[in-house]
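Novice: Right, I'll just put the structure down here and ask away after.
The values are calculated or read from the model by the stated rules, or taken from the named source; none is laboratory data. Since the structure is predicted, the reported quantities are computational estimates derived from the model, not experimental observations. All Cβ positions, glycine included, derive from the backbone under ideal geometry; neighbour counts span all protein chains shown. Protein only, heavy atoms only, side chains kept; ligands, DNA and RNA dropped before computing areas. Shrake-Rupley method; radii C 1.70, N 1.55, O 1.52, S 1.80 Å.
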Amino acid sequence: MFILGDTAYGSCCVDVLGAEQAGAQALVHFGPACLSPPARPLPVAFVLGQRPVSLELCARAFEAQNPDPKAPVVLLSEPACAHALEALATLLRPRYLDLLVSSPAFPLPLGPLSPESEPLERFGRRFPLATGRRLEEYGAFYVGGSETSPDPDLDPDLSRLLLGWAPGQPFSSCCPDTGHTQDEGVRAERLRAQRRYLVERARDARVVGLLAGTLGVAQHREALAHLRNLTQAAGKRSYVLALGRPTPAKLANFPEVDVFVLLACPLGTLAPQPSGGFFRPVLAPCELEAACNPAWPPPGLAPHLTHYADLLPGSPFHVPLPPPESELWDTPDVSLITGELRPPPVWKSSNDPGCSTLTPRPQLELVESSPAALFLSSRSWQGLEPRLGQTPVTEAVSGRRGIAIAYEDEGSS
């Protein structure tokens, strides 16, 4: 038995890399979990914890927030309160006719499942929708959080629900200890406004840094290739950076990058930033998709997809890039930040030989067209200069000996 206490990336993901190093044949994951499918098949048992829930207070709070007994509502909760949702629904169902209870999306047992019995899986949860019903028709009642939290926006699980839920539906939260409720409509709109600003920053960017924020979640390689193709189609330069958990000090080593895109699980992407903040914005993959794909978003799509797997081919939300001759690439676009007209991107496929970083000139000169090289040339200090052949050759001489506080030739003070 091994205890894995330090993960390379987010603590909400299953640490399959640490399990492989230990030679483990199964894992037990304690604490909050994003429930993202692991990159490698491994039996995993989840222990989310059981936080006490005051059912009577939550039931009264639900009735106060939802006076219409026929309105469709979904019961949601933080992972530690999921055990009490069925008991809460039992108190409410005599009056409320259209009540849906979500459950954590634990790995299903092996075996064939009929399409009729397979529930909808989104936001790390399963929703047993009836035939012909859509999740966008339901409001939401979330059990979780705390009144003593200094900043409720620090909860990434609630943030992904607010961003991905249908904007026209009511969304309220309830503290499981006191039954205090809060309408989350204002907070959801504030989160969407912040994400729309990040999309504009991505559209203005010329250099994009792709941060590998996970190696243990399924389809991370396919998602990385998809993001690189997006930036290339939009005429941007991209660099892949594997830095572990991103910190302001790490990202400050790349001043030529305009925006960073964190490729991680949904909770890792929306995790709160350090108190010092990053000197460049850190985006989610969905925001880069909205900035680089002119066909995005399709009609009727939720405003924000929290998992990068929803952007890949095979997903019902996947939107392919328009062909090079499409008029969408030539649509005039004005930056909402600078007020300037953005030039249309030069669409190039990955097989186009013109994608080389070296561009020939008529004078047979070679110039590097990389934005990072242009940024370096604009800096006053570009590093140590070799000056080969410009300095005289001298013999090596003995240097000073000792430590900085007292060299041997300084004597005693």
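Novice: List the residues, sorted by chain then number, that are 5 or more residues from Val261 or on another chain and whose placed amide H is less than 5 Å from its amide H.
Specialist: So Val261 has HN proximity to Gly209, Leu210, Leu211, Leu283.
Novice: How do 251-259, 77-85 rank on mean C-beta neighbours within 10 Å, highest first?
Specialist: Ranked by mean Cβ neighbours within 10 Å, highest first: 77-85, 251-259.
Novice: Hey, another quick one. On the protein heavy atoms, probe 1.4 angstrom, tell me the percent of accessible surface of the stretch 1-103 carried by carbon and sulfur.
Specialist: Carbon with sulfur: 58 percent of the solvent-accessible area.
Novice: With a 1.4 Å probe and all protein chains in place, put Arg342, Arg160, Arg134 in order of accessible area, largest first.
Specialist: The most accessible residue leads, giving Arg134, Arg342, Arg160.
Novice: Could you list which residues have their amide H under 5 Å from that of Leu76, counting only those 5 or more apart in sequence or on another chain, with H placed in the peptide plane?
Specialist: When sequence neighbours closer than 5 places are left aside, the close amide H contacts are Phe141, Tyr142, Val143.
Novice: Now for a separate question. What are the ³J(HN,Hα) couplings of the stretch 212-227, residue after residue, when phi is run through the Karplus curve with 6.51, -1.76, 1.60 and θ = phi - 60°? Round to Hz, x for glycine and proline.
Specialist: Per-residue couplings from phi come out as 6, x, 7, 10, x, 9, 4, 6, 6, 5, 5, 5, 5, 5, 5, 5 Hz.
Novice: Okay, moving on. Provide the packing ranking of 39-49, 316-326, 55-65, i.e. peptides ordered by the mean count of other C-beta atoms within 10 Å per residue, highest first.
Specialist: Those peptides, ordered most packed to least, come out 55-65, 39-49, 316-326.
Novice: From a point 7 Å beyond the Cα of Phe254 in the direction of its Cβ, which residues of the stretch 1-30 have a backbone N at a distance under 19 Å?
Specialist: 8-10
Novice: Restricting to bridges with both residues inside the stretch 133-242, how much of the DSSP beta-bridge set is antiparallel, in percent to the nearest 5?
Specialist: Beta bridges within the stretch 133-242, antiparallel portion: roughly 25 percent.
Novice: Here's a follow-up. Determine the per residue accessible area of the stretch 138-244 with all protein chains present and a 1.4 angstrom probe, expressed in square angstrom.
Specialist: For the stretch 138-244, the solvent-accessible area averages 42 Å² per residue.
Novice: With all protein chains present and a 1.4 Å probe, how do Ser315, Ser398, Ser103, Ser377 order by accessible area, largest first?
Specialist: Largest to smallest exposure gives the sequence Ser398, Ser377, Ser103, Ser315.
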